[in-house]
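Chemist: Pasting in a structure now, in structure tokens, and then I'll have a few things to ask.
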Amino acid sequence: PAARHVRLKSPAVSQNMAKLATTVEATGKGEGCEGLVDISVSLVSGKSVVLHMPWDSQASAVKQHAAEQLGFDGEDVELVLGGHPVRDDLSALELSKALVKLVVLSSGHIAFANKFRIAVVTGSTLAECLALDLGQTKRRSPYVVSWNPVNISMLAVRAKNLAWIHDISTGHEPWSRKFQQVAGVEVSSDFQWTADGRKLIFVSSREVIICDIASGTEQILAQESDVSGLSLHPDNVLLAIARIDGISLFDLVQGQEKENWHLPQPATHLKWDPSGGFLASAEINGSLRILSLEGELKWNLRQSDAAHQMGMQDSLAGLAWSPCAPLLAFSSRMGSSCQVFNAEKGKLSWKSGALGPFADFAWNYNGLKLAAASPRGAIHVFSVQGDLLRSLALTGPVTSLTWSSA
């Protein structure tokens, strides 16, 4: 049976810079109003509110008060004048001389797998806007989720025995595919969309399966050993495939293997950075290797010798590159902190407090925020500097998450 569509409290998706737009009109400082200016804020829907602000109030205060009054407290908002953002230090009196717009920036949406359900929350306030109850279905957990990079209403979900696309704007499932469930084999979290949003790439035992969603056709790349991970290069041509004996680079245009890189230990996760210059490889013993496009080892982050001597070496939980900088988020499965490594400078940028362990990571579209999933039942959102911005407590483990592009 199909997943039950439980609730949709608000529109699940929004356009990148146009979730709402408002017109702000300010009258000059009036007599007998103790130096106040009236600022009329109206939404495109017609809803409006009049703010009475001191004439010397800064634009930042006007912006915050308007968001609170219109029910968007906590959202990322901007005042815009003539197509350009207004400086936060401008006064309300200065704003009264022009027509100003208040735009709520889309913070995107975070979809995550939480025990026997898939849920979607806003990227700014973590308010839930969608939940799919899968507990009464035959779709076997754990689940892995991935947003379409082009159509932000399409959410791909992978279970042990099935993969499907959920259209969160309609509640329909326009595509699905069955998979043979192999006992004792974990579902690889390294499944992904192609950059054009037209195909999905999956790992299934000793096969890599590339599914064309529109035509229903498939390309199957048979491998000599079990596949533990994959990552598609940003050029949409080179596909890195992690196997027991190393990493294979497959040319999707020529239809043949281009290179084969040997690794001392099998890789559990692979991730190309957005520039295509670095490939991160998480090895089964907990080491993190960062390779160049030519296969040259750039950085090798190893666990401490003491941990190895005590038999405490641990594999990595997940990898996530920032879309805008050479910053890589990662954590060991049993570690209490997540870390962000700068691959350009070759050093750690920051390390979180003891909030772990962690299971998965996802950056927002502009690389200013990082979401981290905890198997102890929580989602934590950090700034790019490492400050903890918000946390959401949940019942049951969070095993996978993905952040929409808008």
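Chemist: Straight-line reach from Lys138: which aspartates and glutamates have Cα under 16 Å away, leaving out those fewer than 8 places along the same chain?
Modeler: Cross-link targets: Glu173.
Chemist: Moving on to the next point. With every protein chain left in place, what is the accessible area of Cys324 in Å² (1.4 Å probe, nearest 10)?
Modeler: Approximately 90 Å² of Cys324 is accessible to the 1.4 Å probe.
Chemist: Then there's this: Using a 1.4 Å probe, how large is the accessible area of Leu291, given in Å² and rounded to the nearest 10?
Modeler: About 10 Å², rounded to the nearest 10.
Chemist: Going by accessible area, probe 1.4 Å, with all protein chains left in place, what is the ranking of Met334, Met53, largest first? Walk me through the numbers on the way to the answer.
Modeler: Details: Met334 140, Met53 15 Å².
The residues order as Met334, Met53, largest area first.
Chemist: Pairs Lys345/Lys369; Lys271/Lys345; Lys258/Lys298; Lys178/Lys258: which exceed 23 Å Cα-Cα?
Modeler: Numbers: Lys345/Lys369 20 Å; Lys271/Lys345 18 Å; Lys258/Lys298 21 Å; Lys178/Lys258 30 Å.
Violating the 23 Å limit, Cα to Cα: Lys178/Lys258.
Chemist: Roll a 1.4 Å probe over the protein chains and send me the accessible area per residue for segment 117-273 in Å². The partial results should precede the final answer.
Modeler: Working: 6650 Å² over 157 residues.
Computed with neighbouring chains in place, this is 42 Å² per residue.
Chemist: Right, something else. In terms of modelled amide H atoms, which long-range or inter-chain residues lie less than 5 Å from the amide H of Ser315?
Modeler: Arg333
Chemist: For His380, His84, write out the residues from largest to smallest accessible area, computed with a 1.4 angstrom probe and no ligands counted. Before the final figure, lay out the partial values.
Modeler: Details: His380 15, His84 120 Å².
Solvent-accessible surface, decreasing: His84, His380.
Chemist: Show which aspartates and glutamates lie in cross-link reach of Lys63 when reach means a straight Cα distance below 17 angstrom and same-chain residues fewer than eight apart are skipped.
Modeler: Counting by Cα, and skipping residues close in sequence, Lys63 has these aspartates and glutamates nearby: Glu25, Asp38, Asp73, Glu75, Asp76, Glu78, Asp88, Asp89, Glu94.
Chemist: How much accessible area does Trp147 have with a 1.4 Å probe, in Å² rounded to the nearest 10?
Modeler: 20 Å²
The values are calculated or read from the model by the stated rules, or taken from the named source; none is laboratory data. For clarity, every value in this text was computed on a predicted model and none was experimentally measured. Remember, those area values only see protein heavy atoms, side chains included, never the ligands or the DNA or RNA. Shrake-Rupley method; radii C 1.70, N 1.55, O 1.52, S 1.80 Å.
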